[in-house]
Amino acid sequence: MKLILRCALAAAVSLAAVACSSPAAPVTAPAPSASATPQSAGSYPVTVSSCGRDFSYAKAPTRVVLGYPGTLDTLTALGVQNSVRGYVLGSQGALPAGAPEGIVEVSPDYTPSRESMLGAQPDLFLGNDEGQVTGEGKVSYDDLTGIGSGVYIMGGYCAKTPAGRTLATIEADVTNLGHIFGVDERARELNQEIETRVARAKASLAGKQLRIAYVQSFNGKLYALSGYPAATIIETLGQVNEFGDLKQSWAEISREDALRRKPDVLIVSVSDGKPEAAVAEITKTLAGTKAVEAGHVLTVNGSDFEAGGISVIRQLEDVAGQLAKL
């Protein structure tokens, strides 16, 4: 997403604003917000909870609309990518390379209109933020359930509860999507693959431990990305989250506050394809910090950061690879 800052994009949406200001969940108690009623593989009906609401599925969805185009990667990893018919937020991201043909943009907006979503007739809206279904002149839960559509919010990014901070949040998404699509065995395999990839990435650091700060510049303001998925990546790799004390997942910070911090590494989330410009801006803004003086200003793909699911694992591997070279 182009400099995706859920709080910044959703500033006019009160429910999403509540989510952004929620306290971060303790690392020791991730408690994913979504859960599924145990079923045998491919057995229906299945009931899956998301953001405190239960949704029942009589069969695997075949008309999925994505709340963020990059989320397709997780469905592809589960082998159910052909169920996707559309996506929203096309103005802020693009479908991954190799996406199935026929997937259309339903809406360019963060909060799609009621008309655009009802016109798409989804049987599942796979959102990346509960703020996308608040109503308030846009599409709502009631609109979607009225046409028989389920709703699942990736990353447990809900309005009334903070997103989890650990790997369990991602694995819960995989497990629950496995239930929804009747591919439980593939979901179990994928979670095992995730565990293996994460262990390999962590081992590549050979015990190295650094203080890391995820940061982003947006409309001339500086933000700390301290919760999911930044915290997931940093802490899963055994590193120290410099902004782990913040009570918000995405928090605007002053230059003075940033300069008081002592990160060994700055990681800049880049979504406009211009990493050099992003590094130059952050380097100028935070000149004099330990990380800048050492030249430890790294960049990552903002789309991977926002898409959730398997894309976060790809970014974790990218971060580990860059840290191992320092």
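Brief remarks on what is shown
- Positive-end residue of GLN315, THR289, LEU75, charge dipole of the chain with Cβ unit charges: THR289
- Over 18 Å between alpha carbons, listed pairs LYS160/LYS247; LYS221/LYS284; LYS262/LYS290; LYS221/LYS290: LYS221/LYS290
- C-alpha center-to-center spacing [segment 158-235, segment 289-326] in angstrom: 13 Å
- Here the peptides 229-235, 309-315 are ranked by packing, the mean other Cβ count within 10 Å, and the order with the highest first is 229-235, 309-315.
- Label point 7 Å beyond Cα of GLU252 along Cβ direction - residues of segment 282-313 with amide nitrogen under 19 Å: 282, 285-286
- Dipole magnitude of the chain about its Cα centre (Cβ charges: Lys, Arg +1; Asp, Glu -1), debye to nearest 20: 660 debye
- Of the accessible area of the chain, computed with a 1.4 Å probe over protein heavy atoms only, carbon and sulfur atoms account for 51 percent.
- Helix 167-181 vs. the chain, principal-axis angle (Cα, 0 to 90°, nearest 10): 20 degrees
- The equivalent ellipsoid of the chain has semi-axes of 32, 22, 17 Å, largest first, where each one is the square root of 5 times an eigenvalue of the Cα gyration tensor.
- Per residue, the accessible area of the chain comes to 39 Å² when a 1.4 Å probe rolls over the protein heavy atoms.
- Sites THR196 and LYS325 - FRET efficiency at Förster radius 22 Å, r taken between beta-carbons, to 0.05: 0.50
- Translational diffusion coefficient of segment 240-310 (Stokes-Einstein, Kirkwood radius from Cα pairs, 10 °C, 1.306 mPa s): 121 µm²/s.
- Gained length - ALA294 relative to LYS208, 0.36 nm times residue gap less alpha-carbon distance: 29.3 nm
- Amide hydrogen proximity for SER140: with H placed 1.01 Å from N in the peptide plane, the residues at 5 or more positions away or on another chain lying under 5 Å are GLY135.
- Computed from phi, the 3J(HN,Hα) profile of segment 230-243 under the Karplus parametrisation 6.51, -1.76, 1.60 (θ = phi - 60°) reads 4, 4, 4, 5, 4, 6, 5, 7, x, 9, 9, 7, 4, 9 Hz, with x in place of Gly and Pro.
- Low-density loop cleavage sites - chymotrypsin sites (Phe, Trp or Tyr not before Pro) in segment 234-326, where at most 14 other Cβ are within 10 Å (DSSP): none
- Shown in residue order for segment 73-80 are the 3J(HN,Hα) couplings computed by the Karplus curve 6.51 cos²θ - 1.76 cosθ + 1.60 at θ = phi - 60°: 4, 5, 5, 5, 5, 8, x, 10 Hz (x for Gly and Pro).
- Folded to 0 to 90 degrees: helix 275-285 orientation relative to the chain principal axis, Cα: 50 degrees
- Trypsin sites (Lys or Arg not before Pro) lying in DSSP loop within segment 196-233, provided at most 16 other Cβ fall within 10 Å: LYS208
- Two-decimal log10 I(q)/I(0) for segment 96-165, as the Debye equation yields it once each C-alpha is a single scatterer, q = 0.16, 0.20, 0.21, 0.27 Å⁻¹: -0.59, -0.87, -0.94, -1.28
- In Hz, Karplus ³J(HN,Hα) per residue of segment 182-189 (6.51, -1.76, 1.60; θ = phi - 60°; x = Gly, Pro): x, 10, 4, 5, 5, 5, 5, 4
- Each of ALA280 and GLU136 was given a label point 7 Å from its Cα along the Cα-to-Cβ line. The distance between the two points is 3.7 nm.
- Unit charges at the beta carbon, dipole of segment 92-184: most positive-side option, ALA120, GLY182, ALA163: ALA163
- For the chain, the longest principal axis of the C-alpha atoms and the axis of helix 310-324 are separated by about 20°.
- Applying the Kirkwood pairwise sum to the alpha-carbon positions of segment 115-218 produces a hydrodynamic radius of 16.5 angstrom.
- Sequence-distant residues sharing a close amide H with SER49 (under 5 Å, placed H): SER35, ALA36, THR37, PHE55
The values are calculated or read from the model by the stated rules, or taken from the named source; none is laboratory data. Since this is a predicted model, take the numbers as computed values, not measurements. Here the Cβ is made from the backbone with ideal geometry for all residues, glycine too, and neighbour counts use every protein chain on show. SASA here: full protein model, heavy atoms, side chains in, ligands and nucleic acids out. Shrake-Rupley method; radii C 1.70, N 1.55, O 1.52, S 1.80 Å.
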